[in-house]
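Asks: Okay, here's the structure, questions in a sec.
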Amino acid sequence: MAGNVREINRRIGNIRNIRQITKAMNAIAMTKVTRFKRRLEAAKPWTESLERLVAAAMAQPNLTREPHPLVSDNGAEPVAVLVLNSDSGLCGRYTGDLNRATEKLIHEHGPAARLLVGGEKARLFFARQDQSRSRPVETLETYVRVYSDPTMDIAGRISRDIIRLYNEQAIGRCIVVSMRFVSDLRQRLQIETLLPIEVAPRGSEALIEPSGPEFLDRMLPLYVQGKLFEALLHTRASEEAIRRQSMKSATDNADDLITLLTRTYNKARQQGITTEIADIVGGSEALRNA
């Protein structure tokens, strides 16, 4: 009985230690979610204005007389799938949802599929998947521990790689798989085409200078960079929001388990004390009758 009581007490101590970790991770994730939400709100007017400007440019006859290379089909067959996953775990369904969606796209495009891998969790997953394939999927670029704190410079580095691959006809299309942050409690998987650029022309009275291809040469790469920056912010905010939910659930489960084990411990301890008292009483009675 004494050994059982000590084992229960040890388990309670271990769970309390784990609870301290999950509670701390919950607080850290909550802080990061708040920070990324503020950055998303700050970036939103800029990205929306950029999209309106590109849409207005697409409606200008003098700019679209000859389709820009980033807007028109380059004739290449390979399809690049860029997955923006996590570098670390303990974020619930986040990593699995992104990897499964990417794997589904790889199956859909067959031999034409290529990979642009973002995050250590995606790199490890697809390295294991390739071991079981008859034909491994070619990984064109890997971005591990690159965008934990997204910036325009980081988005620019990734967008330049993608544009280079597109201009060299190493890929004919680029699809981005990421998470869209809707609210603290709601995040949804997002799959969108990054290249070729698909923006519906929208009339505008804006005066665009310079009026020739030079404008699109400057604006369209910036648009790709802006879209990637927005996707990075959304996916990181979603990751931390899902991690916060997971850590809160883990902390709540630890609380429930500690309560259950404490009751079991008290019951076992009470039974032990009762047994000891009974032994003492029995021994006393035996001495009295001797």
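The numbers here are math on the coordinates, done by the rules we state, and not lab data. Everything numeric in this text was worked out from a predicted model, so none of it was measured. Using ideal geometry, Cβ is built from the backbone for each residue, glycine included, and neighbour counts are taken over all protein chains shown.
Asks: Under 5 Å between amide H atoms, partner at least 5 residues away or on a different chain: which partners does LEU195 have, H built in plane at 1.01 Å?
Replies: Distant-sequence amide H within range of LEU195: CYS174.
Asks: Within 10 Å, count the other beta carbons around each residue, average over each peptide in 188-201, 74-87, and list them highest first.
Replies: Working: 188-201: 15.4, 74-87: 20.9.
Top of the packing list down: 74-87, 188-201.
Asks: For the chain, what is the mean residue ellipticity at 222 nm derived from helices alone (per DSSP H run of n ≥ 4: -39500 (n - 2.57); sum divided by total residues; nearest 500 deg cm²/dmol)?
Replies: On the way: 6 runs with 182 residues, N = 290.
Helix contribution divided over all residues of the chain: -22500 deg cm²/dmol.
Asks: Sticking with this structure for a sec: Tell me which residues come under 5 Å, amide H to amide H, from ARG180 once H is placed; ignore anything under 5 positions away on its chain.
Replies: Counting only residues 5 or more places away or on other chains, the set is ARG188, LEU189, GLN190.
Asks: So which lysines pass the test for LYS23, namely a Cα distance under 18 Å, with those fewer than 8 places away in the same chain ruled out?
Replies: Candidates past the 8-residue exclusion: LYS32, LYS248.
Asks: Next question, about the same structure. Tell me, in nm to one decimal, what length is gained between ARG38 and ARG263 on full extension, where the rule is 0.36 nm per residue of separation less the Cα-Cα distance? Walk me through the intermediate numbers first.
Replies: Numbers: separation 225, 0.36 × 225 = 81.00 nm, distance 4.43 nm.
Stretched fully, the ARG38-ARG263 segment lengthens by 76.6 nm.
Asks: Helix 2-58: angle to the longest alpha-carbon principal axis of the chain, degrees 0 to 90, nearest 10?
Replies: Tilt of helix 2-58: around 10 degrees.
Asks: Projecting each Cα onto the charge dipole of the chain (Lys/Arg +1, Asp/Glu -1 at the beta carbon, about the Cα centre), which of SER72, LEU90, TYR166 comes out farthest on the positive side?
Replies: Result: LEU90, furthest along the dipole toward the positive end.
Asks: For region 1-92, what value does the Rg/Rh ratio take when both radii are computed over Cα atoms and Rh is the Kirkwood radius, given to two decimals?
Replies: That ratio equals 1.36.
Asks: Here is a further query. So what's the angle, to the nearest 10 degrees on a 0 to 90 scale, between helix 213-289 and the longest Cα principal axis of the chain?
Replies: Helix 213-289 and the main axis of the chain meet at about 0 degrees.
Asks: Mind putting together the pair-distance distribution for region 27-245? All Cα pairs, 5 Å bins, whole percent per bin, short to long.
Replies: 1, 7, 15, 18, 18, 16, 12, 8, 4, 2, 0, 0
Asks: Against the longest alpha carbon principal axis of the chain, how many degrees, from 0 to 90 and to the nearest 10, is the axis of helix 94-109 turned?
Replies: The helix 94-109 is inclined about 40 degrees to the chain.
Asks: In Å, what is the Rg of the alpha-carbon atoms in region 34-76, and how long is Dmax?
Replies: For region 34-76, the Cα radius of gyration and maximum Cα-Cα distance read 15.4, 45 Å.
Asks: Also: Sort the following peptides by mean Cβ neighbour count (other Cβ atoms within 10 Å, averaged over residues), highest first: 128-138, 237-247. Kindly include the intermediate steps, with their values, before the conclusion.
Replies: On the way: 128-138: 11.0, 237-247: 24.4.
Order by mean packing, descending: 237-247, 128-138.
Asks: Pairs of Cα atoms under 8 Å, at least six residues apart: use those to get the relative contact order of the chain, whole percent.
Replies: Result for the chain is 32 percent.
Asks: So if I place +1 on the C-beta of Lys and Arg and -1 on the C-beta of Asp and Glu, and nothing else carries charge, what would the dipole magnitude of region 27-245 be about its Cα centre? I want it in debye, nearest 20. Present the calculation step by step, with values, prior to reporting the outcome.
Replies: On the way: 31 positive and 28 negative charges, 201 e Å.
So the magnitude is around 960 debye.
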